[in-house]
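Trainee: Handing you a structure now.
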Amino acid sequence: MPQIPIIMPQLGESIAEANITGFLVKPGDTVEAGQDLIEVETNKASMTVTSPCGGRIEKFTAQLNESYAVGATLGRIETTKEEAARLGLDVPAPIRPGDTDRISKGSGNGSRVQPTVRGLPVPANAAGASYLSPRLKARMTELGLSAADLAGIPGSGAAGRVTIEDFERFIAHLEKQKISQASSMRVSVADAMRRSWTRPLAHVGMPVCLDPLFAFRKVARPKPGPALCALRALAVALAQNSAPAGRLVGNKIVHPSSIDIGFAVEAEDGVLVPVIRNADKRRLKDLIAPYNELVELARGRKLPPDATGGSIATVTNFGTFGLEWATPIPLPEQTLVLGLGAARHAPSWDSVKGQFVPIMEANLTLSFDHRVIDGGAAGRLLQHVADLMSKPETL
Amino acid sequence: MSITYLEAIREAQAHALRDDPRVFIYGQDVGAFGGAFKATKNLAVEFPGRVLDSPISEDAMVGLAVGAAIEGMRPIVEMQFADFSTVGFNQIINQAATLFWRTNVPCPVTVRLPFGGTSGSGPFHSQCLETVYAHYPGLIVLTPATVEDAYSMLLEAVAIDDPVIFCEHKLLYYHLKAESLPSEALPVGKARIAREGRDMTIVTYSAMVHEALEAAKELAPEGWEVEVVDLRSVKPIDTDTVMASVARTGRLLCVGEAWPWGGVTAEIIARVTSEGYGLLDAPPQRLNAKDTPVPYHPNLWAAHRPTARAIAATARKLLRL
């Protein structure tokens, strides 16, 4: 008699597991298809697990008050061959010791010979959550969609893959909602972020004391902003060792050819990244005018084509939004993005005075492609930048 | 009145003999005996001198027919079983199929092949040779699945100037019935949507059309709407109808009673994957007889050929992919 597993069903789109709160039948009971068997509770609602077929409850493997993932086996139902076949749930009978296969002789331990290619098991078929059928790919191309656009579709196909029916239902559903055209700026930012997100990105951060910088601003003419100081400090640090800004392509590290550093400027419905070329070769005071000019051009959406692109890292001053912390995403063609948080009063231990003293500090963050550098290298680079920023007169 | 598939074949031959004096029937025991399956019953009496018994030599039967065709006749050759047509294979593929291309002289020979498995018929009386003949340029290969098609397609076979391999399924001879003979029909080379569906396309022909329809019926209560395409003619194949159906459903299952190595089901899948790759939402599947000679024992035979159960099981896997 075939045994059919009782499976924790998909109880809702965002439900990954459910807690067993009660059994409505006992092992040995005869049940019908669709009959309620087990009470379960999710963080959203109480529901029941129903019988996949008619038969006799063989056993429950699930425990009361335990939580089980969707797809987990909760028990087994003994059913007739006809019923199992009707469900398309034919399960091979357990191999009895002594059974011999005509080809795999004497497999008494119950293991079956699997087809192999050079020793590897062959996947049963092209399926799984990441599988996109030729038709689905063709429709996505037609509509200009990428795989990231499918993230909101719960797939109903084998192993959760999105079938063409799921996709068409999703598209039809979208058409019922309010739809507006995304600006070309939005689309290009989205595309850059999607491409960048394919990499393992990591983040480190540390506070930096801004008192020396603010003191310097009082005397310097013209006055450099904190973001430009950070940019120049990064350029100086990378000029000493450009390896952290390298890009990994296959098994090669591509080193930067010049220290061109971009900085993020918020523009309508997106972000522009104008670039200061050879930022390591000019002093901070000489960068102020070109920096201010680029900011104005960017805000006016009037950047010339050669003023963007080709930079090896970006500085973003998320502190202008009042944010102390952020984890920015580097541009897809870059490994690094340096972030500067909002300045704030903070207590600092003065060991000479033996007391806390108020200072101005801000968080400095570095987001990086973890394939190229590790936390240690990122931390050393960030420390180097922080040290340079505490001596703005040297920049 | 009701008429069987076999009677429709007899009626079509009577019709052809009546309409066209160039038509004659040639085969083993087709005359006074009326043929191995009685497909020419009484025709020798009705059309004296035009329903002729041949020697037990398929080679000679086809050879004579080719010669008669060259002289302007339109012969119908009856093989007792498709399996034995291989004895006349040389005449069919080397002479009949190539004649027009060599000489510009048409070769309007119709070779009737009673084919396909029936319970207990075994390896020599069950074979499906449509895939073999379809391989050769110059031949038309017809595989009617209904009484109406058996009648109208046989009439068309006789009228066609090319040699036609007319594959009539023995399993359908007595069981398949229609109320009356058709007055009009789809042309040869045009497939038929035997059942409309939304979720999957089954492409098949001849007796397997009925197994596929049965499978579609079995799947309906589970919520699946399966489309069944009856090819009618396996050469030429109506690729357009198949492609249009796959465009609607996104899933393809090809079913044939012939063996799996190459053949009609493989040809359909090759065409759909190369010309309609972007239509497929799942890998196309096919179901054929097992790759062994056809077994005698009824239980083995039932396991050897695709049945409605087996088709439904394969379809379920494909639908759930």
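Trainee: Consider the stretch A:332-361. How many of its residues are in contact with a Gly (Cβ under 7 Å, 6 or more places away or on another chain), buried (at least 22 other Cβ atoms within 10 Å of the Cβ) and either part of a loop (DSSP other than H, G, I, E, B) or at pLDDT below 95 (or both)?
Mentor: 2
Trainee: Mind checking whether some residue in the stretch B:269-278 is within 28 Å of residue B:222 (Cα to Cα), within 13 Å of another protein chain (Cβ to nearest Cβ), crowded, with 22+ Cβ neighbours inside 10 Å and touching a Gly at 6+ places or on another chain (Cβ under 9 Å)?
Mentor: no
Trainee: A further question follows. Listed residues B:283, B:295, B:306; which is within 14 Å of chain A (Cβ to nearest Cβ) and either exposed (fewer than 15 other Cβ atoms within 10 Å of the Cβ) or part of a loop (DSSP other than H, G, I, E, B) (or both)?
Mentor: It is B:283.
Trainee: Of the numbered conditions (1) surrounded by 23 or more Cβ atoms within 10 Å (Cβ to Cβ); (2) part of a loop (DSSP other than H, G, I, E, B), residue B:118 fails exactly one; give the number of that condition.
Mentor: In the conditions (1) surrounded by 23 or more Cβ atoms within 10 Å (Cβ to Cβ); (2) part of a loop (DSSP other than H, G, I, E, B), residue B:118 misses (1) alone.
Trainee: Could you count how many residues in the stretch B:41-65 are aliphatic (A, V, I, L, M), buried (at least 17 other Cβ atoms within 10 Å of the Cβ) and touching a residue at least 24 places away in the same chain (Cβ under 8 Å)?
Mentor: Number satisfying all stated conditions: 6.
Trainee: Given the conditions (1) acidic (Asp, Glu); (2) modelled with pLDDT of 90 or more; (3) surrounded by fewer than 16 Cβ atoms within 10 Å (Cβ to Cβ), report the number of the one that residue A:166 does not fulfil.
Mentor: Of (1) acidic (Asp, Glu); (2) modelled with pLDDT of 90 or more; (3) surrounded by fewer than 16 Cβ atoms within 10 Å (Cβ to Cβ), only one is false for residue A:166: (3).
Trainee: Going through B:149, B:161 one at a time, which residue ends up being out of contact with any strand residue (DSSP E or B) (no Cβ under 6 Å at 6 or more places or on another chain), buried (at least 23 other Cβ atoms within 10 Å of the Cβ), under 21 Å from residue B:76 (Cβ atoms) and touching a residue at least 40 places away in the same chain (Cβ under 8 Å)?
Mentor: After ruling out the rest, the residue left standing is B:149.
Trainee: Considering only the stretch A:3-110, give the strands (runs of 3 or more DSSP E) lying wholly within it that have at least 2 residues that are of a type in the set (Ser, Thr, Tyr), on the phi < 0 side of the Ramachandran plot and modelled with pLDDT of 75 or more.
Mentor: So the answer is A:46-50, A:67-69.
Trainee: Next question, about the same structure. Hey, any hits in the stretch B:238-249 for a residue that's of a type outside the set (Ser, Thr, Tyr), more than 14 Å from chain A (Cβ to nearest Cβ) and outside any helix (DSSP H, G or I)?
Mentor: yes
Trainee: Would you confirm whether or not the stretch B:204-217 contains a residue that is assigned to a loop (DSSP other than H, G, I, E, B) and of a type in the set (Val, Ile, Thr)?
Mentor: Scanning the stretch B:204-217 turns up no residue that is assigned to a loop (DSSP other than H, G, I, E, B) and of a type in the set (Val, Ile, Thr).
Trainee: Only one of these conditions is not met by residue B:253: (1) free of Cβ contacts under 8 Å to residues at least 60 places away in the same chain; (2) over 17 Å from the mean Cα position of the chain (by Cα). Which number is it?
Mentor: All conditions pass for residue B:253, except number (1).
Trainee: Of the residues in the stretch B:19-58, how many are assigned to a helix (DSSP H, G or I) and in contact with a Phe, Trp or Tyr (Cβ under 6 Å, 6 or more places away or on another chain)?
Mentor: Selection size over the stretch B:19-58: 1.
The values are calculated or read from the model by the stated rules, or taken from the named source; none is laboratory data. Only a predicted model underlies this, so the values are computations on that prediction, with no experimental measurement involved. Neighbour counts run over all protein chains shown; Cβ positions are idealised from the backbone, glycine included.
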